[in-house]
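Novice: Structure in structure tokens, see below.
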Amino acid sequence: MKVEKSSQELENEVIYAGLCIHCGSCNAFCPHMDFSEETGEAYVVDECAETVGLCYNACPRSFLPIKEIEQKIYGTNRVDLAVGVYKDIIQVESKGGDILYDIVKAAFDEGVIEHIVLGEQKSKKPPVAFPVVVDNAKDAKKYIPTSTIENAGPLITGIGQAYLDKKKNVGIVANPCHLQGLGKLLTNDFNTGAKETVSLKIAYACSSGGMAGCKYCTDFSGEFSDISYSPWGAPKGQALLIIRTDLGQKVVDAAIASKSLKVTEKNPDLAEMKKFLNRKRKKNFKTLLGDILVNARYLQLDLEQLKEHILEE
């Protein structure tokens, strides 16, 4: 899919409208966009002659064809509205106390990834993290986030940098909003190089957000990932892993086989996690509808889907 709009429309419809979530998708591969070194917010560098802009078509807030992206990534659409497409959900704890690191290390050990994009936090207020690309699990350890705020920033530009550096099998630990943008880059009709660069996508389920544009988000579990990590709904020190793909399953299985991770519940109670996810989703949908209806258009939902998002318990 390509929409005939470019950087000027992106600026007016997303950035000036307060929808930008500083994910870096627009400027990961487009030379006409960049991000502020102070806030991480995107801006237009120069006038673009393109009528069909890569930046506009990469941004998760310009339009987000959820069903189309799901179909292209997973070959199916979700049955579970709250969680998205998945193969399995388990509850785990870590022998070393860092579940996310154990997953990243297993991915390196299995050769699933050779590099990984992580966030290096530069500021807490406002929350700003810039991408770093590391080449081994040892170097990755100090960048493993302990909250989604530590990841808030233009991380997807790290994928663009990895491509320019000719890196392959690149993983990423990112927030749901980042993976919405990456999902568009991986499934749209532009030949960016993202498909040849990206391997494992790990989502950190998002409790809320630290930027103005976060109040318009409806994905809290990381629906376009291979594995979603959610401390929400699990006992302290444990987490729910939402395994969405065969690749994600391979990495989790390896972490368990190495005894880095231990499964504490094979069939965990998802009630608390879904309650949390749905509460946040409904709140933001009501914000969308109560604020300016045009802000909801990027989701490309029909009325029945909208009703499901708001009314499902």
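The values are calculated or read from the model by the stated rules, or taken from the named source; none is laboratory data. What you are looking at is a predicted structure, and each value in this text was computed from that prediction instead of being measured. Please note: Cβ atoms are built from the backbone with ideal geometry, for glycine as well, and neighbour counts cover all protein chains shown.
Novice: If Val263 satisfies all but one of (1) over 27 Å from Arg61 (Cβ atoms); (2) within 18 Å of the chain's Cα centre (by Cα), what's the number of the condition it fails?
Specialist: All conditions pass for Val263, except number (2).
Novice: Please note which helices (runs of 4 or more DSSP H) are completely contained in region 1-104 and include at least 3 residues that are over 29 Å from Ser228 (Cβ atoms).
Specialist: 7-10
Novice: For region 215-274, which residues satisfy the criterion of being among the basic types (Lys, Arg) and either touching a residue at least 40 places away in the same chain (Cβ under 8 Å) or in contact with a Cys (Cβ under 9 Å, 6 or more places away or on another chain) (or both)?
Specialist: First, pick out the residues of region 215-274 that are among the basic types (Lys, Arg): 215, 236, 244, 250, 259, 262, 266, 274.
Of everything in region 215-274, those that are among the basic types (Lys, Arg) and either touching a residue at least 40 places away in the same chain (Cβ under 8 Å) or in contact with a Cys (Cβ under 9 Å, 6 or more places away or on another chain) (or both) turn out to be Lys215, Arg244, Lys250, Lys259, Lys262, Lys266, Lys274.
Novice: Next question, about the same structure. Can you tell me which of Ile66, Ile15 is at negative phi, in contact with a Leu (Cβ under 9 Å, 6 or more places away or on another chain), surrounded by fewer than 22 Cβ atoms within 10 Å (Cβ to Cβ) and at pLDDT 90 or above?
Specialist: Unique residue meeting the criteria: Ile66.
Novice: Considering each residue of region 46-63, count those that are over 24 Å from Tyr216 (Cα atoms) and modelled with pLDDT of 95 or more, and give that number. Walk me through it before giving the result.
Specialist: Within region 46-63, the subset over 24 Å from Tyr216 (Cα atoms) is 46-52.
Narrowing the set further to residues that are modelled with pLDDT of 95 or more leaves none.
Residues meeting the conditions: 0.
Novice: Before we move on, is Lys201 touching a strand residue (DSSP E or B) at 6+ places or on another chain (Cβ under 9 Å) and surrounded by fewer than 19 Cβ atoms within 10 Å (Cβ to Cβ)?
Specialist: no
Novice: Before we move on, is Gly237 modelled with pLDDT of 95 or more and small (Gly, Ala, Ser)?
Specialist: Taking the combined requirement at face value, the residue satisfies it.
Novice: In addition: Checking the conditions here, which among Ile69, Ile21, Ile103, Ile89 is in contact with a helix residue (DSSP H, G or I) (Cβ under 7 Å, 6 or more places away or on another chain) and within 19 Å of Leu241 (Cα to Cα)?
Specialist: None of the other options fit; the residue is Ile103.
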